[in-house]
Amino acid sequence: MVLMVLGEDEVKARSLVARTAGGLRRMGLAMLEQLYPPVCDACGAPLAEGGGLCASCFTQLRPITPPFCPVLGLPFETDEGVGMLSAEAIADPPPFGRARAALAYGEMVGTLVSRLKYGDRVELATFAGG
Ligand SMILES: [Zn+2]
């Protein structure tokens, strides 16, 4: 373990460097947003700030909420009670105990997943993981 004792001047210098670096980073991001204005990850519509989806695309997402199969995570139309498995999980039991998806697979989700997997759009991993 190494302990360093910084003098007051050194602390001030490091603080100035950190503030300058933060300012340059913000300026760089602002310049990037001028060159490449933020757009919706799904449809390409302009966004006011940041990345993600526009309101129209966001409303098309269908989150999977209970009731669903406790093994495959497939959504049920009606609540069949705790522990009720889907027909798919009964007919062909998977080698895993439990799987979950946050969203029902649809055209837009498929597009986003394809762009992440095959389109070199690694920034979509933030959206997919979040
Ligand atoms: Zn959109």
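The values are calculated or read from the model by the stated rules, or taken from the named source; none is laboratory data. As the structure is a computational prediction, the values presented were derived from the model and not from experiment. Quick reminder, even Gly has a Cβ in these numbers, built from the backbone with ideal geometry, and neighbours come from all protein chains shown. These area figures cover heavy atoms from the full protein model, side chains too; ligands, DNA and RNA do not enter into them. Shrake-Rupley method; radii C 1.70, N 1.55, O 1.52, S 1.80 Å.
Below is a table of values for the structure above.
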quantity	calculated
10 Å Cβ shell holding at most 13 others, DSSP loop, GluC sites (Glu not before Pro): longest site-free stretch of the chain	1-48
Computed magnitude of the charge dipole of the chain (debye, nearest 20; Cβ of K, R +1, Cβ of D, E -1)	440
Mean accessible surface per residue for the chain, computed with a 1.4 Å probe while every protein chain stays in place, in Å²	78
Charge dipole (the chain, unit charges on Cβ, about Cα centre) - positive-most of THR126, TYR36, THR111	TYR36
Heavy-atom SASA rank of PHE127, PHE58 (probe 1.4 Å, accessible area, largest first)	PHE58, PHE127
Potential extension, ALA125-GLU88 segment - 0.36 nm per residue separation minus Cα distance	10.4 nm
Accessible-area order (highest first, 1.4 angstrom probe) of the listed residues ILE64, ILE90	ILE90, ILE64
Sites ALA48 and ALA104, calculated FRET efficiency, Cβ-Cβ separation with R0 22 Å, nearest 0.05	0.20
Surface accessible to a 1.4 Å probe, ARG121 within the full protein complex, Å²	70
Lys/Arg +1, Asp/Glu -1 at C-beta; the chain dipole; positive extreme among GLN60, SER15, GLY83	SER15
Accessible carbon and sulfur surface of region 1-98 relative to its total accessible area, %, 1.4 Å	63
Probe 1.4 Å - accessible area at THR59, Å² to nearest ten	110
Other-chain or far-sequence residues with amide H under 5 Å of PHE68's (modelled H)	PHE76
